[in-house]
Every structure is written in structure tokens, then in C-alpha cells.
1. Which numbered condition trips up Glu4, out of (1) surrounded by fewer than 21 Cβ atoms within 10 Å (Cβ to Cβ); (2) at pLDDT 95 or above; (3) not small (Gly, Ala, Ser)?
2. Counting only residues that are touching a helix residue (DSSP H, G or I) at 6+ places or on another chain (Cβ under 7 Å) and either of a type outside the set (Lys, Arg) or modelled with pLDDT of 90 or more (or both), give me the helices (runs of 4 or more DSSP H) lying completely in the range 162-261 with at least 2 of them.
3. Which of (1) closer than 22 Å to Gly97 by Cα; (2) touching a residue at least 24 places away in the same chain (Cβ under 8 Å) is the odd one out, the single condition Ile214 does not satisfy?
4. Considering only residues that are more than 16 Å from the chain's Cα centre (by Cα) and surrounded by fewer than 18 Cβ atoms within 10 Å (Cβ to Cβ), which ones fall in the range 25-37?
5. Please work out which one of (1) modelled with pLDDT of 95 or more; (2) farther than 24 Å from Arg127 by Cβ; (3) crowded, with 16+ Cβ neighbours inside 10 Å is the condition Gly56 fails and give its number.
6. Filter the range 1-56 down to the residues that are assigned to a helix (DSSP H, G or I) and hydroxyl-bearing (Ser, Thr, Tyr) and list them by number.
7. Mind listing just one residue for me: the one in the range 118-144 that is touching a residue at least 60 places away in the same chain (Cβ under 8 Å) and in contact with a Lys or Arg (Cβ under 7 Å, 6 or more places away or on another chain) and, of those, surrounded by the most Cβ atoms within 10 Å (Cβ to Cβ)?
8. Pairs under 6 Å by beta carbon, first residue surrounded by 15 or more Cβ atoms within 10 Å (Cβ to Cβ) in the range 163-186, partner of a type in the set (Asp, Glu), six or more apart or different chains?
Amino acid sequence: MSEEVLLLEKQDGIATLTLNRPQAMNALSRSLRGALADALGQCENDPEIGVVILTGAGQDAFCAGLDLKELAGEGETKVEGDARPSRFEAARLEGFGRPVIGAINGVAITGGFELALACDVLIGSTRARFADTHARVGIMPGWGLSQKLSRLVGVYRAKELSLTGNFIDAHQAERWGLLNRVVEPGALMETCRALARDMLSCEPDLIKAYKGLINRGFDATLSEGRAMESELNREQQPGVSRVELAAARKRVMARGREQTR
């Protein structure tokens, strides 16, 4: 029996998706892209799942991007039809209705870099490295990297990365704002699970709406984003009682005191 190219584990409201092609640096073959799309759909339809963690098998690679051997017809089996990627997988990840935490365990290259950027929060191990090698491979990006990266790290840094194909390590990625934080490899998954539990402790419907608001605002101007926020605020406020707000405030204050001890 062939090994599954994607592992899905569900526990305590958290779904962990593991790209499982370590022998190929977790490259996105056609079968892996399809499995990832199917798993996201399954998680989207599961009301018990509140957060997804996406990572790669092993410690060397999060994802090396598209499987170039398969695209060139050099794989072990011939791929019938069009093996080129659609925008579906990255767009599906960005549009997933709950938070997605990227556990970047190794290199994230080109399409793997784009996959990482489609997550909502990125935690990297000290082995994480990033590179945009589109210019070296000779393929234009198609999952938003050319536009999103400059908005995240600034246009000059984005041009340095994309026009050289050079790698940056985990600590430089953290300084540039690509990673939320860097941890030792052995602490990566537990750090992500702890963050997921924090997210699960928030109001789930608000989390979904808030993620959508941030994403839509990111693609808009500041004034457009503020207008979106004001509209959602006006829609939501009538449904929140003073009693509920008072109780929520007490919980927040208690949690704040606990976290400062």
C-alpha cells in the first residue's frame, strides 16, 4: 500500500494537516494538492474543528513547492491531463473559515512559500528557511506571492528575495515579520497547539468573522477597511447584551491576571 501523501489528525478541536512526502521535501504533487483540498473541505464541514495547523513531515522541509519532476513528466508515473496548479489550493487555505497556523518546520520554497503565506499565523522552527525561486525556475508565481510578499515585508525586501532567489533563515524571517516567532524544532508543534488552544478559547463565530474582516481589509484601502469594520460593528452590536459583555469582561480580566503571574 502506498503511503498517504497527507496526514490528517483531529484532536480537541484542532486539525493537524501534515504534508507527507519527506523524500521529496513535501513537494506539492498533483495528488498532494488534491488531498489538501479534500482535507480542508472535510475540516470546513466539521463543526468540531476550530483551528487548523499545517506542517510538513520531517525537519528538513515544510514544502519545496510544486513537484517540478511531475510537471516535467519525469515522475515515476505519467500524469494524465493538465498537472499545472490552479489557484484553488492557496485560495482555499486563505479563505478557510477558521484560523490556520503554519508550523514551518524546514524550508518553504516558491510554491511552499506561497502556501505558508496563505496561513494566518506562522511559527517557525530554527530550521525554517524561505526562498522565492520563481525567477530561477522560470515560472511566474500564480498564488499571490508577487503581491502579498511586498505588503508583508516591504517592496524593497520583497524585490531582494524575488529577484535573487536567495534564502533567508528563520531569525531573519522573524525580523522581517514573516514569522510570528521562532522556536526550537522540538517545541514547534506544542507551541502551535498552545496558540490554537488560545484561539479556541475565544468566541468561535466572532473568530470566523474577524478573520474574514482582516483578510478583506488587507486587500482594500485603509478607509475601505475601516468602513467594513464599522458596518460589521453596527450589525453585531444589537445582538450583544450588557450582561454578556459584563461576564466576558470578567473572564478577560481574570485571564489577564493569570497571564501576568
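The values are calculated or read from the model by the stated rules, or taken from the named source; none is laboratory data. All values derive from a computational prediction rather than experimental measurement. Counting neighbours? That spans all protein chains shown, and the Cβs are built from the backbone with ideal geometry, glycine included.
1. Looking at each condition in turn, Glu4 falls short on (2).
2. Result: 204-218, 222-236.
3. (2)
4. Passing the criteria: Ser31, Gly34.
5. The one condition Gly56 does not meet is (2).
6. Ser31
7. Ile123
8. Cβ pairs passing all conditions: Val182/Glu174.
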